[in-house]
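A short write-up of the structure that comes next.
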Amino acid sequence: MTIWHTLSNTHLNQAEQLAQLIHESDALVVGIGAGMSAADGFTYIGSRFETAFPDFIEKYHFLDMLQASLHSFEDWEEYWAFQSRFVALNYLDQPIGPSYIDLRQILETKPYHVITTNADNAFWITDYDPGKVFHIQGEYGLWQCSEHCHQQTYRDDSLIRQMIKEQQDMKIPSHLVPHCPKCHAPFEINKRNEEKGMVEDADFDAQQQRYESFLSQHETGRVLYLEIGVGHTTPQFIKHPFWKRVADNPDALFVTLNHKHYRLPQPIRKQSIELTQHIATLLNETKAYYFNAHVQ
């Protein structure tokens, strides 16, 4: 059975189909968005958000944690009161995601590289190879100068813990606000914004170079571009580049795992498949089929 036959093999369920496609691929380029972490319960809405930030929700009427994390707070003391709790919840203390383990075990049997718009700790806590993951949108555990005066990131987990412990009335003490050692502007979380972009340090550059090197090594052949939980908030990082690479390689396939439907470009529809089963369930079942049928 060829990779093309698998696309038309309708008697397979979604997990069997994905396992077969992975088995037949020469390499995988994997794009991961917020939907994958959400599938493991790390959502930005509902009780997880409401339990951690009841005071901020009451004051600002936030609808979700993403909206809240992008808010222009009244001062840096309030900014870091929110962000310290946010970082602890979504980075320092975020538990293991079973979907990430299932995916890692599959990927380790193939040449692969991951690009993610997520900034949480999901890859590190599940022991992914750091040389095979590109965090294109930064990481919540890192800081950058709010004026972007130089390309370096910083980290101080103990200060984050201290901010949480000592904050009162939605503010941290002023002396706990971290500042840039170069220009003395306050630090902010290392993530991209529309106005200034993002500080991209030497480690970011190395991640990008490794990712681009992998892409250049796999411009032809049966490359599976696997998109998991990626929406349309920042399509320029994963979705659109994946579409272009599939269009440029007649032997490549684009497979998306998402319960939402996004219109696919006409030129790649015959090289694409949409899988809509719950991501966590689908990856777990795919792992079982994959190792039972294809990996001894």
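The values are calculated or read from the model by the stated rules, or taken from the named source; none is laboratory data. Remember, predicted model here, so these are calculated numbers, not experimental data. Cβ coordinates were reconstructed from backbone atoms using ideal geometry, including for glycine residues, and neighbour counts include every protein chain displayed.
Some values worked out for this structure:
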{"quantity": "Options ALA68, ALA81, ALA88: the member that is surrounded by 13 or more Cβ atoms within 10 Å (Cβ to Cβ) and within 30 Å of GLN277 (Cα to Cα)", "calculated": "ALA68"}
{"quantity": "Complete set of residues in the range 144-167 that are assigned to a strand (DSSP E or B) and either touching a Leu at 6+ places or on another chain (Cβ under 8 Å) or closer than 14 Å to GLN83 by Cα (or both)", "calculated": "GLN144, TYR154"}
{"quantity": "Residues being over 19 Å from ILE279 (Cβ atoms) and touching an Asp or Glu at 6+ places or on another chain (Cβ under 9 Å) - total across the range 218-247", "calculated": "7"}
{"quantity": "Of residues in the range 91-100 being surrounded by 19 or more Cβ atoms within 10 Å (Cβ to Cβ) and not aromatic (Phe, Trp, Tyr), the one farthest from HIS218 (Cα to Cα)", "calculated": "GLN94"}
{"quantity": "Residue among LYS244, LYS260 that is closer than 26 Å to ARG192 by Cα, at pLDDT 95 or above and among the basic types (Lys, Arg)", "calculated": "LYS244"}
{"quantity": "Failed item, numbered, when GLN236 is tested on (1) surrounded by 13 or more Cβ atoms within 10 Å (Cβ to Cβ); (2) modelled with pLDDT of 95 or more; (3) within 16 Å of the chain's Cα centre (by Cα)", "calculated": "(1)"}
{"quantity": "Of residues in the range 198-209 being under 17 Å from the mean Cα position of the chain (by Cα) and more than 14 Å from GLN152 (Cβ to Cβ), the one surrounded by the fewest Cβ atoms within 10 Å (Cβ to Cβ)", "calculated": "GLN208"}
{"quantity": "Every pair of residues 6+ apart whose Cβ atoms lie under 6 Å, when the first sits in the range 150-169 and is under 14 Å from TRP76 (Cα atoms) while the second is at pLDDT 95 or above and assigned to a loop (DSSP other than H, G, I, E, B)", "calculated": "MET163/ILE172"}
{"quantity": "Subset of the range 112-143 that is part of a loop (DSSP other than H, G, I, E, B) and without any contact (Cβ under 8 Å) to a residue 24 or more places away in the chain - its residue that is surrounded by the most Cβ atoms within 10 Å (Cβ to Cβ)", "calculated": "ASP129"}
{"quantity": "Extreme residue, farthest from the chain's Cα centre (by Cα), among residues of the range 243-296 that are of a type outside the set (A, V, I, L, M) and assigned to a strand (DSSP E or B)", "calculated": "SER272"}
{"quantity": "Which listed residue, of ALA185, ALA206, ALA288, ALA252, is among the small types (Gly, Ala, Ser) and not assigned by TED's automatic domain parsing to the domain that holds PRO111", "calculated": "ALA185"}
{"quantity": "Segments classed as helices (runs of 4 or more DSSP H), wholly inside the range 1-49, with at least 2 members that are modelled with pLDDT of 95 or more and surrounded by fewer than 17 Cβ atoms within 10 Å (Cβ to Cβ)", "calculated": "none"}
{"quantity": "Complete set of residues in the range 93-109 that are within 30 Å of ILE164 (Cβ to Cβ), in contact (Cβ under 8 Å) with a residue 12 or more places away in the chain and part of a loop (DSSP other than H, G, I, E, B)", "calculated": "GLN94, PRO95, ILE96, GLY97"}
{"quantity": "Residue in the range 96-127 that is farthest from ASP201 (Cα to Cα), counting only those that are among the hydroxyl-bearing types (Ser, Thr, Tyr) and within 13 Å of the chain's Cα centre (by Cα)", "calculated": "SER99"}
{"quantity": "Every residue from the range 179-197 that is modelled with pLDDT of 95 or more and surrounded by fewer than 17 Cβ atoms within 10 Å (Cβ to Cβ)", "calculated": "HIS179, PRO181, LYS182, CYS183, HIS184, ALA185"}
